[in-house]
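Colleague: Sharing a structure with you now.
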Amino acid sequence: MPNDPERLKRYLTCEVPDKQWVADKLIYLLSGETVIPPFSAAAIKLGQLSRDENCQMEEVAEVIQMDAGLASDIIKVASSVGFAARRISSLDQALMMIGMSEIRRIALSMGVMKNFEHLKSQVDWNSFWLHSILVARLTERVAAAYRPLCGSEYLSGLLHDCGKLVLEHYFPEDFDRIIIRATERGSGHVVVEQEFLGVSHAQIGAAVCECLQAHLEVIRAVWYHHDPFNVQEGNQPDNSKFLSACVGVADALTNYKQINIYGARIMDYDKPFEELPEWQFLSQYQMSYGLDLDLDLEVEKAREDLKSFGLGGDDNSEGEEA
């Protein structure tokens, strides 16, 4: 069924009156049934299961088998060098060989990438997806240093920039201008997006997550990943502020490695990471488990994941300015 325009309006508020047509066009597009297809029932159920600490492998296998295409993709990826590096013939074997957490990552990654296949065009999307996968991995790592994972971390990181896919597809000339101007100014995409279009990729991403029927925490984490300090939690306090900050830290770490679309965020490489506002914001939470992070190793693992998902052959993603 079509998405409710009124629900999408809450994300796509426009502060520039003469750009209101952009928000209206986005609401019209996203309200349709075909622009952003919702996650399959299997993917939604898998997301719910991942939040259940008592979930068993058998339950995961049963859910994935609801979607024959997803099950086939998972078996194919699980057999790749980045994972089992041997032929896997069944979902049960994949679960036994590489574990439930890796299967969940594969399922979410493949589900997201396939949902956006029709939006790809001229940009080097290998760089985009490498950035997204690395942010997803790092969001999990950062969050796990503070508290047990709730199941929303990887998906929030994976989807945090999905609004850029919509921007590039439906506003390609503006998207190119945003990249050029943001790179020239060193201001990052968000500021220029607001100036040119009246809305940011983070707002659009939140609306996309609404269309995907993602969990509320995921929607808010995507919405506020550039501004976790102002998460509006309403009458139902949840994990959103913490999760938004984790995505923000992961995004900054990834940009320190210069893995992103040009101009997205220019980092001050002389500034200690501990001084970043996202990292300082996280200091209000108790780090219960510690964080031993090898960033170069995480980059390499993200590259392996990307190749296993059928992307990122011999790309030149590193050095694509953040």
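Read-outs: derived from the displayed coordinates by stated rules, not from any lab. Note that the coordinates shown come from a computational prediction; the quantities given were computed from them, not determined experimentally. Ideal geometry is used to build each Cβ from the backbone, glycine not excepted, and the neighbour counts take in all protein chains shown.
Colleague: Translational diffusion coefficient, Stokes-Einstein: compute it for the chain using the Kirkwood radius over C-alpha pairs as Rh, at 37 °C and 0.692 mPa s, and state it as an integer in µm² s⁻¹.
Modeller: 165
Colleague: What do you get for Rg/Rh over the stretch 73-179 if you use C-alpha atoms and the Kirkwood form of Rh? Write out the running numbers ahead of the final one.
Modeller: Numbers: Rg = 15.9 Å, Rh = 15.3 Å.
Rg/Rh: 1.04.
Colleague: Further question on the same structure: Work out how much length Met287 to Arg87 would gain on full extension: take 0.36 nm times their residue separation and subtract the Cα-Cα distance, in nm to one decimal. Write out the running numbers ahead of the final one.
Modeller: On the way: separation 200, 0.36 × 200 = 72.00 nm, distance 3.98 nm.
Contour length minus Cα-Cα distance gives 68.0 nm.
Colleague: Okay, next question. In bins 5 Å wide, starting from 0, what share of all Cα pairs of the stretch 1-83 does each bin hold, as a percent?
Modeller: All Cα pairs considered, the percentages come to 3, 12, 15, 14, 13, 11, 11, 11, 7, 4, 1.
Colleague: In whole Å, what is the distance between the alpha-carbon centres of the stretch 76-118 and the stretch 1-61?
Modeller: 24
Colleague: Compute the acute angle (0 to 90°) between the alpha-carbon long axis of helix 240-256 and the principal axis of greatest extent of the alpha-carbon atoms of the chain; round to the nearest 10°.
Modeller: 90
Colleague: Let me ask something else about it. Would you kindly state the longest site-free stretch of the chain, with sites defined as trypsin sites (Lys or Arg not before Pro) in a DSSP loop (not H, G, I, E, B) surrounded by at most 15 other Cβ atoms within 10 Å? Spell out each step's value before the answer.
Modeller: Working: sites that count: Arg10, Arg51, Arg86, Arg87, Lys120.
Here the longest run is 121-322.
Colleague: For the pair Gln48 and Phe229, how long in nm is the line joining their label points, each one 7 Å along Cα→Cβ?
Modeller: Label-label distance for Gln48 and Phe229, simple model: 3.8 nm.
Colleague: Next question, about the same structure. I'd like the orientation of helix 125-144 relative to the chain: the angle between its Cα long axis and the longest Cα principal axis, in ° from 0 to 90, rounded to 10.
Modeller: Taking the Cα atoms of the chain, the angle to 125-144 is about 70 degrees.
Colleague: If eta is 0.890 mPa s and T is 25 °C, what Stokes-Einstein diffusion coefficient results for the stretch 39-115, Kirkwood Rh from Cα pairs, in µm²/s?
Modeller: On the way: Rh = 12.2 Å.
This corresponds to a translational diffusion coefficient of 202 µm²/s.
Colleague: Once label points are set 7 Å from the Cα along Cα→Cβ at both Asp18 and Tyr269, what is their separation, rounded to one decimal in nm?
Modeller: A separation of 3.9 nm, rounded to one decimal place.
Colleague: Related question: Show me the GluC sites (Glu not before Pro) within the stretch 166-239 that DSSP assigns to loop and that have at most 15 other Cβ atoms within 10 Å of their Cβ.
Modeller: Values: sites: Glu168, Glu173, Glu184, Glu193, Glu195, Glu210, Glu217, Glu233; in loops: Glu233.
When the GluC sites (Glu not before Pro) of the stretch 166-239 are filtered for loop state and at most 15 Cβ neighbours within 10 Å, Glu233 remain.
Colleague: Given a Förster distance of 30 angstrom, what is the FRET efficiency for Met96 paired with Ala145, based on the Cβ-Cβ distance and rounded to 0.05? Mind showing how you got there, number by number?
Modeller: Values: r = 29 Å, r/R0 = 0.95.
For R0 = 30 Å, the calculated efficiency reads 0.60.
Colleague: While we're on this one: Can you check how the C-alpha radius of gyration of the stretch 142-200 compares to 2.2 N^0.38 Å, as a plain ratio? Spell out each step's value before the answer.
Modeller: Numbers: Rg = 15.1 Å, N = 59, 2.2 N^0.38 = 10.4 Å.
Taking the Cα Rg and dividing by 2.2 N^0.38 Å, one obtains 1.45.
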